[in-house]
Amino acid sequence: MSKKTIKPGLIGKKIAMTQIFADGGDYYGATVLQVGPCFVTQVKNGAKEGYNALQLGFGELEFRRVNRATRGHFEKKGLKAFRHLKEIRVSDAGAFQVGQKLDVSAFQVGDRVDVTGVSKGKGFQGVIKRHHKAGGPASHGSCFHRSTGSIGQRTYPGKVFKLMGLPGHMGDERVTVRNLKVLRVDAERNLLVLNGAVPGGENAILLVRSADPGFEKRLKSQEAPKAAEAAPAEAAPAQEAPAS
């Protein structure tokens, strides 16, 4: 396991998308999430399980809605039943205890987060929608339109290469959107507003984690040379003419 500090994440639910207006008149496309409150239902450490992790519960549920095994898992620890359970790696599991409450106050405005969820299912789609291919002529008689077209060669090499974009099932996949900026935090209503879009539709269950701190450093290191090139060069001081 890496020695870098891994902050715990939280389970949330996508509420809706909206626009956030800044002081200068600019606006941002934003997503509103209900994040937490989550409760620690199990603590795993390196001595017993071989790694450090937390099992978090989100969305309280009546005991009659769960099976006996799940009910025993919660009752043994004196907890309520939860609809959603997710495991999150941490660097120090000893800093947490079973029953501890984690809420959206763990995030602050300006933080960067990674959001993981399941994308919307689009069903069976063709190459134009699935892989953004151009398609053929749309005029009458072309018999091409939105079909796949040529995907291989003739005599040599006479095969279809691997990873060729073909029609098939689109969406309904686990997707992680990285480095989203936190615009607003409402601790009273457990709301988190992020700049940008996240996977899934309304009421989709998501996992919100602190972004990799090295990602922002790498991003700044890439932007620094570009900013230096764009900045106008300072005028060189005029040299005095030598005395005759």
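Please determine whether any residue of segment 146-163 is under 23 Å from residue 121 (Cβ atoms), in contact (Cβ under 8 Å) with a residue 40 or more places away in the chain and either exposed (fewer than 11 other Cβ atoms within 10 Å of the Cβ) or hydrophobic (A, V, I, L, M, F, W, C) (or both). I'd like the intermediate steps shown before the answer.
First pass over segment 146-163, keeping only residues under 23 Å from residue 121 (Cβ atoms): 146, 148, 163.
Applying the additional criterion that residues be in contact (Cβ under 8 Å) with a residue 40 or more places away in the chain yields none.
Within segment 146-163, none of the residues are under 23 Å from residue 121 (Cβ atoms), in contact (Cβ under 8 Å) with a residue 40 or more places away in the chain and either exposed (fewer than 11 other Cβ atoms within 10 Å of the Cβ) or hydrophobic (A, V, I, L, M, F, W, C) (or both).
In the set 106, 81, which member is of a type in the set (Gly, Ala, Ser), closer than 24 Å to residue 190 by Cβ and touching a helix residue (DSSP H, G or I) at 6+ places or on another chain (Cβ under 8 Å)? Show your work before the answer.
Details: 106 fails: touching a helix residue (DSSP H, G or I) at 6+ places or on another chain (Cβ under 8 Å).
After applying the criteria, what remains is 81.
Considering only strands (runs of 3 or more DSSP E) fully contained in segment 130-207, which possess at least 1 residues that are of a type in the set (Ser, Thr, Tyr) and closer than 25 Å to residue 33 by Cα?
Working: elements: 168-171, 174-186, 191-195.
Passing ranges, in order: 174-186.
From the list 69, 30, 95, 106, which residue is within 30 Å of residue 183 (Cβ to Cβ) and loosely packed, with under 14 Cβ neighbours inside 10 Å?
Details: 69 fails: within 30 Å of residue 183 (Cβ to Cβ); 30 fails: loosely packed, with under 14 Cβ neighbours inside 10 Å; 106 fails: loosely packed, with under 14 Cβ neighbours inside 10 Å.
Answer to the selection: 95.
Residue under question is residue 24, and the condition is that it be closer than 30 Å to residue 77 by Cα and at pLDDT below 90; does it hold?
Working: closer than 30 Å to residue 77 by Cα: no; at pLDDT below 90: yes.
So residue 24 does not fit the description; no.
Restricting to segment 33-47, what's the tally of residues that are more than 16 Å from residue 96 (Cα to Cα) and either surrounded by fewer than 17 Cβ atoms within 10 Å (Cβ to Cβ) or among the β-branched types (Val, Ile, Thr) (or both)?
So the count comes out to 1.
The values are calculated or read from the model by the stated rules, or taken from the named source; none is laboratory data. Remember, predicted model here, so these are calculated numbers, not experimental data. So basically every Cβ, Gly included, is an ideal-geometry build from the backbone, and we count neighbours across all protein chains shown.
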